[in-house]
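The structure appears right after this line, and notes come after that.
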Amino acid sequence: MADLVTLANVKTYLLPGETTTQWDTILPAIISAVSEQVKREVGCDIEHVHYTAVKVSGRGTPMLDLPNWPITAVTTVVDQEGNEYVVGYDQDYVIETLCLRRVNGDGIWAKGSGNFTVTYEAGFTAIPADIILVCYELIARKWKTMKGGEWGESNRTFPDGSTGSVNVDGELTKNHRAILATYKRPKL
C-alpha cells in the first residue's frame, strides 16, 4: 500500500521555503513507518482499494459484514448457488459504511461459511485532513528526534539533575489516538 503523505508535502511541512535534498534518503523510511503505524492504529482502509472476489460469511442477519471499510462501492455479490444480488432500496441490499444491509426478499443474508463472494471498493477517496496532520506531526517528531541524536530516548536528565520522560520517537499521543479513534471500526 502507498504512504499516506508524500515526501514533497512532508518537506513543505518540516522545511517551509527550503529546497534541500539532504533528508531525501531518510524521510521516505520515516514516512512509510508512520503511514503503517497510523493504518494499524485505525484498523480500516484509509486508502481507497478495490477488492475482487472476497469470500464473506453470512450470519443469518440483515447485515453482511465486509472485512474492509468504509465501503464505497460494490460491483457484485453472488451467493454459493450463483445467485447475484442487486444494490438499491428497491432491490436486494443497500451499502452502509461497514456492511451490506438486506432490504428485500426474506431480509437476511443466509448463514454459512464463505457463502457469498463480493467484489467491492473500500477506503477513503481522499485521505481525511486530520489523519494527514497526525502523520505530519509523528513524522516531524521522529525526524527531529533523529536529527537531535535522541533516537529511541525515553528518559532525559536535565541540567538541574532532575529527570523526565520524553515521547519516544513518534509515539502516538492521547490527542493522536483520539483523532484516529474516530476512524476505527465500531464493535457490531
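Computed from the coordinates by the stated procedures, all read-outs in this text should not be read as laboratory data. It should be emphasised that the depicted structure is a prediction, and the values quoted were computed from it without experimental measurement. Ideal geometry is used to build each Cβ from the backbone, glycine not excepted, and the neighbour counts take in all protein chains shown.
General remarks:
- Paramagnetic reach from residue 78 (point 7 Å along Cα→Cβ, amide N under 19 Å) across the stretch 101-139: 110, 112-121
- Distance in nm between pseudo-label sites at residue 175 and residue 54 (7 Å out along the Cβ direction from Cα): 3.3
- The chain: calculated mean residue ellipticity at 222 nm from DSSP helix runs of at least 4, using -39500 (n - 2.57): -8500 deg cm²/dmol
- Per-selection Rg to Rh, the stretch 49-122 - Cα, Kirkwood hydrodynamic radius: 0.91
- Axis angle, to the nearest 10 degrees, between helix 129-147 and the longest C-alpha principal axis of the chain: 30 degrees.
- Ratio of the Cα radius of gyration of the chain to 2.2 N^0.38 Å, where N counts its residues: 1.38
- Dipole magnitude of the stretch 49-122, debye to nearest 20 (Cβ charges: Lys/Arg +1, Asp/Glu -1, about Cα centre): 240
- 0 to 90° range, to nearest 10: angle between helix 27-42 axis and the chain longest Cα axis: 50
- Springs join every pair of Cα atoms under 10 Å in this Gaussian network model of the chain, and among 72, 117, 21 the largest mean-square fluctuation is at 21.
- With the charge dipole of the chain set up from +1 on Lys and Arg Cβ and -1 on Asp and Glu Cβ about the Cα centre, the Cα lying farthest toward the positive end among the listed residues 139, 25, 52 is that of 139.
- Considering only 68, 119, 88, the residue lying farthest towards the positive end of the dipole of the stretch 49-122 is 68, judged by Cα position with unit charges set on Cβ.
- In percent, rounded to a whole number, the relative contact order of the chain is 26, using alpha-carbon pairs under 8 Å and six or more apart.
- The slack between residue 110 and residue 133, meaning 0.36 nm per residue of separation minus the straight C-alpha distance, is 4.0 nm.
- Bridging of residue 142 to lysines at a Cα separation below 18 Å is possible for 11, 39, 174, once same-chain residues fewer than 8 apart are set aside.
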